[in-house]
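Coordinate-derived values only; no laboratory data. The model shown is predicted, which means the values in this text are computed figures rather than measured ones. FYI the Cβ positions are ideal-geometry reconstructions off the backbone, even for glycines, and counts take in every protein chain you see.
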């Protein structure tokens, strides 16, 4: 049967239609917004799982929007990396929407929360699916503008300030990306990524490629919160509502930052050793700086935010190695990190929802009162620290082995050191929040409602089962194709062009 | 061509005034000149669509910016800047200018774009879409998907502003977060 | 070449203003300037010496007329409205911040520490 | 637009109000012209939409806040905007019938005529609705956000 390549525009049209209809009817039927949000993200999860199967059957698919062939019209490309990112984003989005069903009751204007949430998912899916550089920028802006509104949703003083600073840093990043796109258009006079790679490959890289690489590194670095540009992340995460900071650090900085950086550096500019060296350095810097900044934190959410920076450092370190094993390790860690980091943020949301404070010193012995949250936080802390049975261990192991294989002993050492410091930091978190004697103030605290527990337990189970992805047949279908899409870099061109003719 | 350079210089002077002016209102009006300078450059560079849109968008952004500065009882003068970040911004500016100068040598000179893909738009524009205005043809038919994303950005911004402008964020009455736990 | 450099100077001015200034509205203004500079870059890239405006005239049905590059114009239209959207959102946030903090000076808005 | 006594102190002076009453209609007409001729002459959905929004803004500036709600209440503008969005999305999805996502399904019609270029005029109208609704909703929200009240409620 003809390859069902129409699933790609569905990934964008579905949440977009949901957002518009929710905005139109949200005020008159308050129950419509949560219902539509859950149904839309459930369908999206099904579509992204279907896309992995379709990819296995039909290989790389190209969908030409509007019927115009690629260089003229916009094309959508479904290759290994796209399917992988679709599954990561929509899995976390579905579980966070379930968590939101109860968490959002404390806000006014709930329907606009769901509209902005669906728009953010639309933006991320649009960035992942598109094969056109300017289109990637437009959907990156959709996701970014929706997330500015969501960070400021709580309307407290620090939420507004954090949202403003995030908006300023985000806009400066977007302008750098747009300037880079203008320069690329000037030389290659096309906007299709595959076509652009083909033209750039013809003439050898000169000052222009350096200029464009610097601009894209700054722009996507700001979106992905790597160390030189990470200033907005701790503020934005600690004051955003918990499900939003789970989405932000779970998938948004990955889809907008790391994925776009990979797509641009590997598939368009061609990963020259210099760019890989820069990526390695930035990755290692983020990894170490993130952990050191996190050690001294007593505010739970800020601590988790700094750990996000260091885990993103792991991912970029893995991908910066350039070897197939390193890239697979980096992508696997990206998938695992989106699971356990969103679980940690949701747990901190439950703790804040129940006790009203985020300060570790005031908590204590909540294990008795919040058993489910305690168990899931324990699972997530074990996997972020890299304890064997959990998924974090496998991906960190892959990265460290790949670093050693590539004779990057320095980076391997830093990776191990950062992992140990992460373990220490999360033991401190567990010690202060759940173990120890129960702080008398919290004896009237009860466990959270059903939907919140459901999503927490689901994420914890996924954290435990994450390691199974390394089994041979699962690895080939899911991770292998994704890392293959990166390693063969500009050959992506032949597939995207020939497929479309 | 001299008109192009003249307008550019005027815009740069306007930008410097906008950043360094002590009075907020005059800063906003200086940004107005920069925006209108762009629509003049667009006219000189034969881009009527861009000129009309930029002119109109500039008007509404100046109205919004003035709305934010006029009705506030604050002393209109603004003081000082952050020295450390200023140095960082200057270093960023110098590196971008230097690398940019080298990069500009490689892109086609002003006035001679090699329009590989745009030739198909110009040639096929009329019979492909039936629209006489090629820019609208590109915007709505060849690359209509961009415009859908674009309309969504404006929709997201409007929803964001409505969410930010509502009186209270959390429900004070129903759930008192620290103890009563629904 | 000089026009591109002037445009880049405008871009650096905008980014300098956004990072270095303390007044919240000044930051929003500088970002608007930087965004104008990038749109300007697109228009300059599209300019063609003897090109005419990208609208087909009724008379010239002959060979394809010598036209200015229409694609960057479409991109600029999109970028202008994106810039307007972000500016409007930031102005709304700035006004809300003024309401809560009572000042426009970003260094005094120091609620988040550590 | 009958102006009663209490309405006088709102908004600007009388001269501005009378001028506005004349010019608002013209601005609105000009905006609608720009939208409908989007595929023939410069301008299009965006420019026309902003001009239409400016005509409402012009009205609000001249006649003050209360007048704003009589013309178009805030929820009205938001639903106008999402209506425009839904219309534009249906035009895009209608493209599915013609093969791909955004195909121009209607016949192109002969050039230089007003009703030519298939779905482009319809998309222009949808975008005009969306942009006008969006910008006016933003302006109404900013007008409501009176910064004088020191402590946010």
> Helix B:48-70: angle to the longest alpha-carbon principal axis of chain B, degrees 0 to 90, nearest 10?
Replying inline: 20
>> Between residue B:6 and residue D:21, how high is the FRET efficiency from 1/(1 + (r/R0)^6) when r is the Cβ-Cβ distance and R₀ = 45 Å? Nearest 0.05.
In response: 0.70
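Show me B:50-61, D:129-140 ranked by packing, highest mean number of other Cβ atoms within 10 Å first.
Numbers: B:50-61: 24.4, D:129-140: 28.2.
Highest to lowest by the protection proxy: D:129-140, B:50-61.
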> Between residue A:461 and residue A:387, what FRET efficiency follows from the Cβ-Cβ distance if R0 is 22 Å, with the result rounded to 0.05?
Replying inline: 0.85
> In Å and whole numbers, how far do the C-alpha atoms of chain B stretch along each principal axis, longest first?
Replying inline: 68, 42, 31
> Using alpha carbons only, how many degrees (0 to 90, rounded to 10) separate the axis of helix A:450-465 from the longest principal axis of chain A?
Replying inline: 60
> Among rounded, prolate and oblate, which fits the range A:345-387 when a ≥ b ≥ c are the square roots of the eigenvalues of its C-alpha gyration tensor, a/c under 1.5 means rounded, and a/b larger than b/c means prolate?
Replying inline: prolate
>> What is the angle, in °, between the Cα long axis of helix A:391-405 and the longest principal axis of the Cα atoms in chain A? Nearest 10 is fine, range 0 to 90.
In response: 50
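Provide the gained length on full extension for the span residue A:447 to residue A:56, in nm with one decimal, where the gain is 0.36 nm per separating residue minus the Cα-Cα distance. Working shown, then result.
Numbers: separation 391, 0.36 × 391 = 140.76 nm, distance 4.29 nm.
Length gained, residue A:447 through residue A:56: 136.5 nm.
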> Where the eigenvalues come from the Cα gyration tensor of the protein assembly as shown, what are the semi-axes √(5λ) of the equivalent ellipsoid, largest first, in whole Å?
Replying inline: 41, 34, 27
>> Just to verify a number: FRET efficiency for residue C:50 and residue D:110, C-beta to C-beta distance, R0 = 22 Å, to 0.05?
In response: 0.15
> Label-point separation (nm) for residue A:475 and residue B:95, each offset 7 Å from Cα along Cα-to-Cβ?
Replying inline: 3.8
> Can you give me the relative contact order of chain B as a percent, contacts being Cα pairs under 8 Å and 6 or more apart?
Replying inline: 13
> When you take every Cα atom in the range A:289-382, what is the radius of gyration, and what is Dmax, the widest Cα pair distance, in Å?
Replying inline: 15.2, 47
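For chain B, what does the helix formula give at 222 nm: sum of -39500 (n - 2.57) over DSSP H segments with n ≥ 4, over the residue count, nearest 500 deg cm²/dmol?
Values: 7 runs with 122 residues, N = 182.
The per-residue figure over chain B is -22500 deg cm²/dmol.
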> Taking every residue in A:191-197, how many Cβ atoms of other protein chains lie within 10 Å of its Cβ, on average?
Replying inline: 1
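Would you calculate, for chain A, the mean residue ellipticity at 222 nm contributed by helices, counting each DSSP H stretch of 4 or more residues as -39,500 (n - 2.57) and dividing by all residues, to the nearest 500? Kindly include the intermediate steps, with their values, before the conclusion.
On the way: 19 runs with 347 residues, N = 501.
My calculation for chain A gives -23500 deg cm²/dmol from helical runs alone.
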